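The values are calculated or read from the model by the stated rules, or taken from the named source; none is laboratory data. Owing to the predicted nature of the structure, the values given are computational and were not obtained by experimental measurement. Please note: Cβ atoms are built from the backbone with ideal geometry, for glycine as well, and neighbour counts cover all protein chains shown.
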Amino acid sequence: MNTAPNFEQLIVEGIKGLPQQCLSEVADFVLFLRRRAVEQQPYDVDSIRRELSLLDARELQHLEDEFADFEQRYPKE
């Protein structure tokens, strides 16, 4: 008897009935995982620029605020 979990079925059952916003987040995460799985170098500059170009103004401002004093908070040792 195979007791290995069927992850696809688990995911499908797990998202049933979730609000639209949650389904949108799940879809974003799936796209992230798919990109990461197929890219040779997941952190190349062009990929980062493409991702950042998709941000709206609110998300971009939040990101800039988060990293405003990054060097001071996380100095290189």
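Brief remarks on what is shown
- The one condition in (1) surrounded by 10 or more Cβ atoms within 10 Å (Cβ to Cβ); (2) at pLDDT 90 or above; (3) closer than 30 Å to residue 67 by Cβ that residue 48 fails to fulfil: (2)
- The stretch 9-77 holds helices (runs of 4 or more DSSP H) entirely within its bounds, and those carrying 3 or more residues that are among the basic types (Lys, Arg) map to 20-38.
- Residues of the stretch 11-42 satisfying the condition of being over 21 Å from residue 55 (Cα atoms), modelled with pLDDT of 90 or more and exposed (fewer than 10 other Cβ atoms within 10 Å of the Cβ): 16, 17, 19
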